[in-house]
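First up is the structure itself, then whatever we jot down about it.
Just so it is clear, none of the values below were taken in a lab; they were calculated from the coordinates. Everything numeric in this text was worked out from a predicted model, so none of it was measured. Neighbour counts run over all protein chains shown; Cβ positions are idealised from the backbone, glycine included.
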Amino acid sequence: MAETQAPWTQPMPEAQFAQMRDILAAPSPIGLEGAMTYGVLKPYFESVARPGWHVHQFTGHAGIVLDSHPGETDRFTVMVVGHADKIRMQVRSIGDDGKIWINSDSFMPTTLIGHEVAIFSENPDAPGDYRRIEGGTVEAVGAIHFADQAVRSGEKGIKKEQLYVELQIHGENKKQQVENLGVRPGDSILLNRPIRHGFSPDTFYGAYLDNGLGCFVTAEAARLTAEAGAPEKVRTLFAIASYEEIGRMGSRVLAGELKPDALIAVDVNHDYAAAPGIGDRKPNPLKMSEGFTLSVGSIASEQLNAVIESEARAHDIPMQRDVCGADTGTDGMAGVLGAVDCAATSIGMPIRNMHTISESGHTGDVLAATHGVAKAIQALDRRDDGNGKLRREFRNNHPRLDRAEPLQHQGGEKPKDESE
């Protein structure tokens, strides 16, 4: 494929960026993912689906799955899964002075100070109905003048127990003013920062790239697959899971319900090359702007990885290998955790500042992941014959290291660049 034809080498079209922003902006804290799944993604799935495709819905959670061949369990089945749940803060208690004391969940407390948030208050008179309260910020010491000297100098940090939301409450009965808003312990709080274009070309930043990006890639892969007229033989499940941030709970339910033969998780990854202070750990230097990442580790299927890597090479889609060890850290573990026999792997996009209000990424990596997933699905569909061939191939062709060929020293000459 000529570079001029490769979407991952071009700026993301503004309409596509707006779709990505809408997905990431949907308020979908853990346990309340419906704003993203039902509010944004379900209508999008329905708009790109081919005739006969079906969107599955579930009872215990707000996950959804776009199914290319509903009910056809005899087909080789591929599940692509992103997770809609966002890490959230929650109201812990309300002080007499109107402070709303909160927990920090999976955020570092120091990264939260001064940032705007939205509180989602459940109506106590109508359980299940929610109101949105904006204008609050996360605080801890109020002002540097009131902080201990060690905190002021940076020798000590902010403790999670110090965090509260400031709603600028004043006057009489401050606690009652907050309670009259219906704010109660357990209410969800989200950072109020939609993504926007970054300073450097093709970059963007904001909150909750983890894991609206994986959901966006899953949705766009569904669109590309449908537009390509595939899949004809392979059943494909484009899944949006819940509960990933508390242990990959939602995806294991989806895998248990639908029993895929192969599972590809799509999630964010780290730009290790730009991460400060970790050089002595010698991580593989994954880099933002250099393509999607592919997990290599204990549970990552080498057969499935071979399909993805081969297609990436064939179409000049940039890809980086990610050493994940015993756990991908993503919904790629869904099959193992759900006791489902499936080949699995995880695709990622290197981002910076994960679990902060200023996560940043590169649109080229997002588009590379999108096309990498779509091309892999099309390749699997081409390899199947509709009579169980693909299942047999995966079962009978596990890599055999006892058959590895001896390799001699290859010298120090660099491989010639084919483009030269």
Report task. Can you tell me how much longer the chain between Asp148 and Glu166 gets when fully stretched, taken as 0.36 nm per residue apart minus their C-alpha distance, in nm with one decimal? Result -> 4.4 nm
Query raised in the report: What is the helix-to-structure angle for 363-383, meaning the angle in degrees between its Cα long axis and the longest Cα principal axis of the chain, kept from 0 to 90 and rounded to the nearest 10?
Result: 40
Requested in this report: Keeping to pairs on different chains or 8 or more places apart, tell me how many lysine pairs in the range 89-191 have Cα atoms under 19 Å apart.
Outcome: 4
Query - Neighbour-limited loop hits for chymotrypsin sites (Phe, Trp or Tyr not before Pro), the range 190-222 (at most 14 other Cβ within 10 Å; DSSP other than H, G, I, E, B) - result: Phe199
**Report entry** Amide H within-cut-off set for Arg92, under 5 Å, with H built and near neighbours excluded
**Finding:** Trp101, Ile102, Asn103, Gly186
Query raised in the report: Hey, how many Å between the Cα centroid of the range 152-202 and the Cα centroid of the range 108-132?
Result: 8
Report task. List, in order, the whole-Hz ³J(HN,Hα) value for each residue of the range 240-254 obtained from phi through the Karplus relation with A = 6.51, B = -1.76, C = 1.60 and θ = phi - 60°; use x for Gly and Pro. Result -> 10, 9, 10, 6, 5, 5, 10, x, 6, 6, x, 5, 5, 5, 4
Query raised in the report: Remind me, what semi-axes does the range 51-107 give for its equivalent ellipsoid, largest first in whole Å, using sqrt of 5 times each Cα gyration tensor eigenvalue?
Result: 42, 12, 8
Report summary line: Low-density loop GluC sites (Glu not before Pro), the range 223-293, at most 16 other Cβ within 10 Å, DSSP non-H/G/I/E/B, are Glu232
Query raised in the report: Angle, helix 209-227 long axis vs. longest principal axis of the chain, Cα atoms, 0 to 90°, nearest 10?
Result: 40
Report summary line: Counted neighbours (other Cβ, 10 Å), sorted fewest up, put Ile64, Ile357, Ile264 in the order Ile357, Ile64, Ile264
Requested in this report: Rounded to whole Hz and in sequence order, give me ³J(HN,Hα) for the range 29-42 from the Karplus expression 6.51 cos²θ - 1.76 cosθ + 1.60, θ = phi - 60°, writing x for Gly and Pro.
Outcome: x, 3, x, 9, 7, x, 4, 7, 6, 8, x, 10, 7, 4
**Report entry** Cα long-axis angle, helix 14-25 against the chain (0 to 90 degrees, to the nearest 10)
**Finding:** 60
Report summary line: Under the Karplus relation with 6.51, -1.76 and 1.60 and θ = phi - 60°, whole-Hz ³J(HN,Hα) for the range 58-74, x at Gly and Pro, equal 10, 7, x, 7, 9, x, 9, 9, 8, 10, 6, 9, x, x, 8, 6, 6
Report task. Return one quarter of the surface area of the convex hull spanned by the alpha-carbon atoms of the range 279-336, equal to its mean projected area, in nm². Result -> 4.7
Report task. Quick one: of Lys42/Lys233; Lys259/Lys389; Lys282/Lys375; Lys259/Lys375; Lys282/Lys414, which pairs are farther than 28 Å apart, Cα to Cα? Result -> Lys282/Lys375
Query - In Å, descending, principal axis extents of the Cα set of the range 150-208 - result: 50, 34, 23
Report summary line: In the neighbourhood of Gly206 defined by beta carbon distances under 11 Å, the net charge of the other residues (Lys, Arg +1; Asp, Glu -1) is +2
Query raised in the report: Tell me, Thr356, Thr225, Thr236 in order of fewest to most beta-carbon neighbours within 10 Å?
Result: Thr356, Thr225, Thr236
Report task. Grab the eigenvalues of the alpha-carbon gyration tensor for the range 89-191, scale each by 5, take roots, and send me the semi-axes largest first in whole angstrom. Result -> 26, 15, 10
Query raised in the report: Hey, how many Å between the Cα centroid of the range 223-291 and the Cα centroid of the range 10-57?
Result: 16
Query raised in the report: Hey, fewest Cβ within 10 Å first, where do Asp148, Asp125 land in order?
Result: Asp125, Asp148
